[in-house]
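Worksheet: one structure, shown below.
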Amino acid sequence: MKSNTEIKKRNFLTQNEIELLLGAANSGPYAARNYCLTLLCFIHGFRASEICRLRISDIDLRAKCIYIHRLKKGFSTTHPLLPKEVRALNARLSERAAYPDADSEWIFLSRKGNPLSRQQFYQIISSCGDSAGLPLEIHPHMLRHSCGFALANMGIDTRLIQDYLGHRNIRHTVWYTASNAGRFYGIWDSPRPGL
């Protein structure tokens, strides 16, 4: 059993914790925005600055895809959108129409109609983590790490995870797969000499 100190040091969320965080994000007065923000950030491994600068022109709901502008000299790519993301984006865009400056190019706006700041995103995620009762201090970059670990746990190839997260150097990707316990299952299933 992990101690509270070990849990607090962890920099990613388990699948169950992600579900709890999404549930918390999907409540309250800004539920459509907060849920969509959290879901997209987890599914696509966005950095805070990347998700806050997501534009309406980056989304093609008919083709069900999203263009990811990676920062830190990362590879920018187009990702498919899952059906639940399309629903969340439609709900977000519908709610957003009532915002001041609703004609803005940014998908995620503050109440004043400005692009959401990294600090506002941090406060949203931290508050949702508290509401979900998670034993961690939640911050936005945990969603990016959670994406990497979730993909590794699904058995996705390291090179594909590298491309998906936009890493130029695979060393930034291998730590997701190196800690994947699933890759060790079956090691002792075949008979070994002397065992």
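The values are calculated or read from the model by the stated rules, or taken from the named source; none is laboratory data. Quantities reported herein were computed from a predicted structural model and do not represent experimental measurements. Note: ideal-geometry Cβ built from the backbone for every residue, glycine included; neighbour counts use all protein chains shown.
Just give me the residues in region 87-108 being within 12 Å of Cys36 (Cα to Cα) and in contact with a strand residue (DSSP E or B) (Cβ under 9 Å, 6 or more places away or on another chain), in sequence order.
Leu89, Leu93, Arg96, Ile107, Phe108
Are there any helices (runs of 4 or more DSSP H) wholly within region 86-169 with 1 or more residues that are loosely packed, with under 14 Cβ neighbours inside 10 Å and in contact with a helix residue (DSSP H, G or I) (Cβ under 9 Å, 6 or more places away or on another chain), and if so which?
The qualifying helices (runs of 4 or more DSSP H) are 118-131, 158-165.
Sort out which residues of region 114-153 are under 16 Å from Leu39 (Cβ atoms) and touching a Pro at 6+ places or on another chain (Cβ under 8 Å), and write them in order of number.
Of everything in region 114-153, those that are under 16 Å from Leu39 (Cβ atoms) and touching a Pro at 6+ places or on another chain (Cβ under 8 Å) turn out to be Phe121, Ile125.
Is it the case that region 15-30 has a residue that's among the acidic types (Asp, Glu) and surrounded by fewer than 15 Cβ atoms within 10 Å (Cβ to Cβ)?
yes
Give region 55-85 a look and list any residue that's surrounded by 15 or more Cβ atoms within 10 Å (Cβ to Cβ), under 16 Å from the mean Cα position of the chain (by Cα) and assigned to a helix (DSSP H, G or I), or say none.
Glu85
Is it true that some residue in region 140-161 is in contact with a Gly (Cβ under 7 Å, 6 or more places away or on another chain), of a type in the set (Val, Ile, Thr) and at pLDDT below 90?
So far as region 140-161 goes, yes, one or more of its residues are in contact with a Gly (Cβ under 7 Å, 6 or more places away or on another chain), of a type in the set (Val, Ile, Thr) and at pLDDT below 90.
If we keep just the residues of region 20-53 that are in a helix (DSSP H, G or I) and among the charged types (D, E, K, R), which is farthest from the chain's Cα centre (by Cα)?
Top of the filtered list is Arg33.
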